[in-house]
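Below you'll find the structure, written out as structure tokens, and then a few comments.
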Amino acid sequence: MKTVLMEEMSYPEVMSAVNAGYKTVIIAVGATEQHGPHLPLGTDTMMGYIYAKALAAELGNTLVAPIIPLGLSKAFMSYAGSLTFRPATLIAVLEDYVNGYIKHGFETIILLPAHVGNFYLMQNFANTAAEEYPGTKIICCLNNEVMQQISEQSYKEDGVDIAIQGSHAGESETSTMLECYPYFVDMSLAEEGFVGDFASMRDKMLTEGVQALSANGIIGDARPATAERGQKVIERMVKAFAEITRKNI
């Protein structure tokens, strides 16, 4: 296998892979939205590729679908270039992906939300999939609870405060981009954003937009980010993806 990305494969290569036992496919859903002044709009989608390829390698016999580059980003629409699906649109896209891959012989479908705003919808989609797609296993491999656990582990082991790590364009996301796509990161523009109690302000962000919490669009503080930290974050994330997937297969 020269690649696990189906968009880089010909149709005979995909068919041969499925016939050889590659019957699991990862569908990652990213986003196109502001990530502060220092990160690109495609941050979640770019990292979605990294996470999906790493998870495929960890699981074996797994291919990666073309990543969906838009998600649920309504809270970021005040910032130029941001785009959002309506929930019904994202559900329809997921249905089309799933129906297509079932037709082509895939038996296990892993939904990987590379954008926090997609967690609930994708988890709910997986939870109701048994009735809609009998005979096919559909698993969502990340949720808010697991993300919180990863943040707490980072605090205990690396000493980075959870508020600094942030949930959007803060230390954690900036570190992962420094590790994987350093040429897209401008650390001279990295800033502190909202570093208060995000859990108590999350509903305000969802109803009024992220600008109600942070003018620069950052939840966290991007300035302490390092590529070394990014590598650790990625390792923890992929480990969590794999554990959730294996528990549900």
Footprinting exposure proxy for Ile110, Ile27 (fewest neighbouring C-beta atoms within 10 Å first): Ile27, Ile110
Computed over the chain, Kirkwood Rh from alpha-carbon pairs, angstrom: 18.4 Å
Once the Cα gyration tensor of region 146-232 is diagonalised, semi-axes √(5λ) in Å: 21, 16, 10
For the chain, calculated [θ]222 nm from helices alone, where every DSSP H run of n ≥ 4 adds -39500 (n - 2.57): -14500 deg cm²/dmol
Integer Hz, Karplus 6.51/-1.76/1.60 couplings in order for region 189-205, x for Gly and Pro: 9, 5, 9, 7, x, 6, 10, x, 7, 5, 4, 7, 10, 4, 5, 4, 5
Proximal lysines to Lys23, defined as alpha-carbon separation beneath 26 angstrom and excluding residues fewer than eight positions away on the same chain: Lys2, Lys53, Lys103, Lys137, Lys239, Lys247
Dipole magnitude of region 146-232 about its Cα centre (Cβ charges: Lys, Arg +1; Asp, Glu -1), debye to nearest 20: 120 debye
Value of relative contact order over region 146-232, rounded to a whole percent, pairs C-alpha under 8 Å and six or more apart: 42 percent
Vicinal HN-Hα couplings computed from phi for region 82-98 (Karplus, 6.51 cos²θ - 1.76 cosθ + 1.60; Hz; Gly/Pro x): 5, 9, 9, 7, 6, x, 5, 5, 5, 4, 5, 5, 4, 4, 5, 4, 4
Student exercise, the chain dipole from Lys, Arg, Asp, Glu Cβ charges, in Debye to nearest 20: 560 debye
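If you take every DSSP beta bridge whose two residues both sit in the chain, what share of them, in percent to the nearest 5, is antiparallel?
Here the share of antiparallel DSSP bridges comes out near 20 percent.
No lab work stands behind these numbers, since they all come straight from the coordinates. These figures come from a predicted structure and were not determined experimentally. For neighbour counting, all protein chains shown are included, and Cβ atoms are generated from backbone atoms with ideal geometry for every residue, glycine included.
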